[in-house]
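First up is the structure itself, then whatever we jot down about it.
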Amino acid sequence: MLGIVHIYCDPNRKQRAKLGIQQENDIRVSYIFKNIDEQNILNKIRDSHRKRELVWLKAINNVNKWPVLLVCGADHVNSFSSLAKEEGCVPEIFRKDWHS
């Protein structure tokens, strides 16, 4: 046995709703007719991503097994790496985006 632990750290729909985490498309649709400028929409998306990434980081820290491999979408690579650094981790990015 290798002692490798797998966790699924993404919050489910109920948790996302409770934490105010929205998908990018849902954010865009909710502001489409409200005359909100693109920068404000991007800020809302960034805030939602950060909430989600904090859940991931908390789950990883709770397991406390190192090193860790986190597989996430390309939109989260830079922001999660920055968040991990803020928490004292030393992230190493293997691939920023997947191309077939």
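The values are calculated or read from the model by the stated rules, or taken from the named source; none is laboratory data. Values in this document were obtained by computation on a predicted structure and should not be read as measured data. In this analysis, Cβ positions are derived from the backbone assuming ideal geometry, glycine residues included, and neighbour counts consider all displayed protein chains. Heavy atoms of the whole protein, side chains included, go into the accessibility calculation; ligands, DNA and RNA do not. Shrake-Rupley method; radii C 1.70, N 1.55, O 1.52, S 1.80 Å.
Can you find even one residue in region 87-100 that is surrounded by 11 or more Cβ atoms within 10 Å (Cβ to Cβ) and under 15 Å from the mean Cα position of the chain (by Cα)? Yes, region 87-100 contains at least one residue that is surrounded by 11 or more Cβ atoms within 10 Å (Cβ to Cβ) and under 15 Å from the mean Cα position of the chain (by Cα).
Among the candidates I45, I21, I32, the residue that is in contact (Cβ under 8 Å) with a residue 12 or more places away in the chain and either farther than 18 Å from N78 by Cα or touching a Lys or Arg at 6+ places or on another chain (Cβ under 7 Å) (or both) is uniquely I21. Is it the case, given these coordinates, that D75 is surrounded by 10 or more Cβ atoms within 10 Å (Cβ to Cβ), in a loop (DSSP other than H, G, I, E, B), of a type in the set (D, E, K, R) and within 16 Å of the chain's Cα centre (by Cα)? Spelling it out, it is not the case that D75 is surrounded by 10 or more Cβ atoms within 10 Å (Cβ to Cβ), in a loop (DSSP other than H, G, I, E, B), of a type in the set (D, E, K, R) and within 16 Å of the chain's Cα centre (by Cα).
Of all the listed residues (L70, L83), the sole one being within 12 Å of the chain's Cα centre (by Cα), assigned to a loop (DSSP other than H, G, I, E, B) and under 17 Å from D10 (Cβ atoms) is L70. For first residues located in region 3-16 and on the phi > 0 side of the Ramachandran plot, partners that are in a loop (DSSP other than H, G, I, E, B) and open to solvent by less than 100 Å² (accessible area, probe 1.4 Å) and lie 6+ apart or on another chain with Cβ distances below 6 Å do not occur. Applying a threshold of 9 Å to beta carbon distances and a minimum spacing of six or more residues, or different chains, the list of pairs starting in region 48-62 at a residue that is among the charged types (D, E, K, R) and modelled with pLDDT of 95 or more and ending at one that is part of a helix (DSSP H, G or I) and open to solvent by 30 Å² or more (accessible area, probe 1.4 Å) reads R50/S79; K51/R16; K51/L19; R52/R16; R52/L19; E53/S79. Here R52 meets the list (1) open to solvent by less than 50 Å² (accessible area, probe 1.4 Å); (2) out of contact with any helix residue (DSSP H, G or I) (no Cβ under 6 Å at 6 or more places or on another chain); (3) more than 28 Å from P67 (Cβ to Cβ) almost entirely, failing just condition (3).
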